[in-house]
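Enquirer: There's a structure below that I have some questions on.
Bear in mind that the values in this text are calculations on the coordinates, not laboratory data. Being a predicted model, the structure only gives us computed values, none of them experimental. Cβ coordinates were reconstructed from backbone atoms using ideal geometry, including for glycine residues, and neighbour counts include every protein chain displayed.
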Amino acid sequence: MYYEKCQRNREIMSSVSPRPADPQTPVALVEAAARLLEQEGPAALSTRRLAAAAGTSTMAVYTYFGGMDDLVRAMVHEGFARLHQRMTQVGVTDDPVADVVTLGCAYRANALGNPHLYAVMFGGSSMGGFSLSNDDRQHGRYTLEVLVGAVRNCMAAGRFHAADAQLVAHQMWIAVHGLVTLELGRYLIAPYDADVCFEAQLCGLMLGAGDSAATTAHSVRQGVKRYGDLLAARPGESTQR
């Protein structure tokens with residue numbers, strides 16, 4: 001894992017410098033790099049600009065990451081780690097369809113709270129000479145397994161048709177990802193703004209998977225409310241990490 005490598009580098013750095021390394025420095029560098037990429041493009045990713053944006057030295061860029069390739073890769077890993085944290089907070093209730101809805105809310109909230117990382121995670125930012133490898137693209141697939149499990153619970157409860165849970169989860173991921181991408185680009189405006197379209201999309205996805213109209217409406221309301229309650233229980237988180 002990239003931050004384990006960072007920890008080893010911090011230990012080396014501390015051994016040769018009397019000033020203790022700040023454990024938040026690699027995270028600050030990752031966030032600053034993602035922000036510069038999205039706002040100004042790859043030309044902005046010089047070590048000098050990056051260090052200034054993160055409030056650290058140019059030496060720290062090389063100490064923690066070795067080069068820009070590893071830094072971009074660390075952005076991808078950090079973005080998916082934050083998404084996974086959001087999704088695993090959802091848990092399991094006695095309404096599996098509401099659980100799926102709540103996971104959709106978590107996915108959207110993570111993107112809105114980390115827009116710069118989100119763009120890098122899915123190759124949405126131009127990265128100059130660096131391009132995501134197949135391994136990079138598939139790295140975050142572990143986050144999808146949370147949704148796959150929730151879909152399987154819906155099928156076991158008779159709320160969804162018996163089908164390929166992986167395929168159903170992929171269809172839901174693709175749909176919500178598309179909406180979030182449009183929302184981040186500010187394409188969704190009243191009267192069909194992101195909130196209106198998101199709730200309609202959730203209802204359509206649940207119905208398409210086999211749920212009934214009567215139970216879907218209730219579960220969507222419950223799932224959206226539940227995620228709001230989860231955020232309220234964590235003051236300051238909102239759409240932030």
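Enquirer: Round to the nearest 10 and give me the degree value, 0 to 90, for the angle of helix 165-184's Cα axis relative to the longest principal axis of the chain.
Expert: Orientation of helix 165-184: about 60 degrees from the principal axis.
Enquirer: Note down the net charge around LEU36, summing +1 for each Lys or Arg and -1 for each Asp or Glu among other residues with Cβ under 12 Å from its Cβ.
Expert: Details: positive: ARG35, ARG48, ARG49; negative: GLU31, GLU38, GLU40.
Summing Lys/Arg as +1 and Asp/Glu as -1 gives 0.
Enquirer: Hey, another quick one. Would you mind ranking SER212, SER219 so that the residue whose beta carbon has the fewest other beta carbons within 10 Å leads the list? All intermediate terms of the calculation are to be shown ahead of the outcome.
Expert: Details: SER212 11, SER219 24.
Listing SER212, SER219 from fewest to most nearby Cβ atoms yields SER212, SER219.
Enquirer: With a 10 Å Cβ neighbour count serving as the proxy for reagent exposure, in which order, fewest first, do PHE122, PHE80 appear? Before the final figure, lay out the partial values.
Expert: Numbers: PHE122 15, PHE80 18.
Ascending Cβ contact count within 10 Å gives the list PHE122, PHE80.
Enquirer: On to the next question. Based on DSSP H runs of at least 4 residues, each adding -39500 (n - 2.57), what is the mean residue ellipticity at 222 nm of the chain after dividing by all its residues, to the nearest 500 deg cm²/dmol?
Expert: -22500 deg cm²/dmol
Enquirer: With axes computed from alpha carbons, what is the tilt in degrees of helix 25-40 against the longest principal axis of the chain, rounded to the nearest 10 within 0 to 90?
Expert: The answer is roughly 70 degrees.
Enquirer: OK, next. Output the Kirkwood hydrodynamic radius of the range 96-183, Cα pairs only, in Å rounded to one decimal. Intermediate results must be reported in sequence, preceding the final value.
Expert: Details: mean 1/r = 0.0705 Å⁻¹.
Over the range 96-183, the inverse of the mean reciprocal pair distance is 14.2 Å.
Enquirer: Picking from ALA32, ALA190, ALA165, which is most flexible by a Gaussian network model of the chain using Cα springs under 10 Å?
Expert: ALA190
Enquirer: If you work out Rg/Rh (Cα atoms, Kirkwood Rh) from the coordinates, which of (1) 1.03; (2) 0.97; (3) 0.92 do you get?
Expert: (1)
Enquirer: What is the fewest-to-most order of GLU31, GLU199 by other Cβ atoms lying within 10 Å of their Cβ?
Expert: Values: GLU31 19, GLU199 15.
Lowest count first: GLU199, GLU31.
Enquirer: Still on this model: What is the chain's relative contact order, in percent, from Cα pairs under 8 angstrom and six or more apart in sequence? Can you show the working numbers first?
Expert: On the way: 247 pairs, mean separation 53.3, N = 241.
With pairs under 8 Å counted, the relative contact order is 22 percent.
Enquirer: Let me ask another. Which residue, ALA106, ASN153, GLY204, has the largest displacement toward the positive end of the dipole of the range 80-232 when charges sit on each Cβ (Lys, Arg +1; Asp, Glu -1)?
Expert: ALA106
Enquirer: log10 I(q)/I(0), Debye, Cα-only the range 128-177, no solvent, q = 0.28 Å⁻¹?
Expert: Those come out to -1.05, one per q.
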